[in-house]
Structure formats: structure tokens, C-alpha cells
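Accompanying notes for the structure given below.
The values are calculated or read from the model by the stated rules, or taken from the named source; none is laboratory data. No experiment lies behind these values; they were computed from the predicted model shown. Cβ: placed from backbone, ideal geometry, glycine included. Neighbour counts: every protein chain shown. These area figures cover heavy atoms from the full protein model, side chains too; ligands, DNA and RNA do not enter into them. Shrake-Rupley method; radii C 1.70, N 1.55, O 1.52, S 1.80 Å.
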Amino acid sequence: MTSSDLAAALVQSRRDKATGGGRPNGGRPFEFKPPAPPASLTQLCLAVAEHLEHGGQVYGLASHCQALCVHPDVSQAFWRLSQLVKSPGVMWLLLADWIDRRSPPPENKCSNQEVSAVLLPHLQCLDPALIDDAGRLFDRLLGAYGNDAWTPVRLQRLLRSIRPR
């Protein structure tokens, strides 16, 4: 780079700073976005069912679901479940099964029967005792939350009862 190229680059740099540099946020080099809210339990279940419904396999569930923002309590449950299960895909499958069994049918993509039908062939390959143990673990660590929000269910009921009609 010659000295004239360097000088031209500096002049252009100063022009960009003065005019905002064509950046949409007025010359700020970075725009920080607030963190995404964690995916609800229903969204996690539907992501697993969608992957399996389109021909995905259990071993690919972890990579399929890694883009989801996961609530810290789900991470804690997976950490505890890793004492029983070594496959992250099986952990996602067990979580989806637990969510599916405890919930009313989700109104969005598919009904409970469809999710159950998608999960069943993969669950049949697992030990029923493992499914029960995972269900008890999820009940203990995630059972306080509703499927559609991360507000504890008891708090939701309390807020509904005191809300003016």
C-alpha cells in the first residue's frame, strides 16, 4: 500500500464517520440485540417432532435443536439426564416424549396424536425404565412450568385468579 493509498483510506474513513458510513444505525459499528427468549416446551417438542417427521434420525436431534435458545432449567435437566443417557439425541427424544405426554394438544402445527405417532417408533427402541426415570426427572425439574411459557404454572393460576374480570 502506497502513502497515497493510505491517505485516501484515512480520508474515506473520516468521511464515513462524519456521514454515518451508510450504516443503518447512524455510524455505530455494532448494534446489540437483546437476547432471544428461551423456546417454550411446546416449541422444543415440535422441533424434535418436525426433525423426525421429515426423515431425521435421533442422532441428528442435538444438531437440529442447537439453534434453539434453551431455558437454563432444560440445560440443568439435560446435565442430570446425562448421568443416565450418553446420547444427546436420546435426551431430546425423551424430553419431547415427556412434553407430549403432559400437554394438551398444541394448537399450532400438529395434534398430540401426530407428535406421538412420530415419536413412538424411536421410543420403542429405548428401555421403558429409562423413559420412566427421565419422566420423573423432567417432572421434578421442569414440571412447575407450563408448556407455552416459562412462568411457573402456580404463578399463572394465581395471576388469573386475582385478575379483574
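Side notes on the structure shown:
- Considering residues of segment 58-79 that are small (Gly, Ala, Ser) and open to solvent by 20 Å² or more (accessible area, probe 1.4 Å) only, the residue modelled with the highest pLDDT: Ser75
- Test: residue in segment 122-144 that is open to solvent by less than 20 Å² (accessible area, probe 1.4 Å), in a helix (DSSP H, G or I), modelled with pLDDT of 90 or more and among the aromatic types (Phe, Trp, Tyr): yes
- Single match in Ser82, Ser161 (criterion: over 26 Å from Pro35 (Cα atoms), at pLDDT below 90 and either surrounded by fewer than 17 Cβ atoms within 10 Å (Cβ to Cβ) or of a type in the set (Gly, Ala, Ser) (or both)): Ser161
- Residue within segment 44-57 that is at pLDDT 90 or above and touching a Pro at 6+ places or on another chain (Cβ under 8 Å) present: yes
- Enumeration of residues in segment 73-101 that are in contact (Cβ under 8 Å) with a residue 40 or more places away in the chain and over 16 Å from the mean Cα position of the chain (by Cα): Arg80, Leu81, Leu84, Val85
- On the stretch given as segment 39-74, residues that are over 17 Å from Ala117 (Cβ atoms) and in a loop (DSSP other than H, G, I, E, B) total 8.
- Condition met for Ala36 (at pLDDT 70 or above, of a type outside the set (D, E, K, R) and not in a loop (DSSP other than H, G, I, E, B)): no
- Pairs where the first residue, in segment 49-70, is closer than 19 Å to Cys125 by Cβ and the second is at pLDDT 90 or above and open to solvent by 60 Å² or more (accessible area, probe 1.4 Å), C-beta under 6 Å, 6+ apart: Ala62/Pro88
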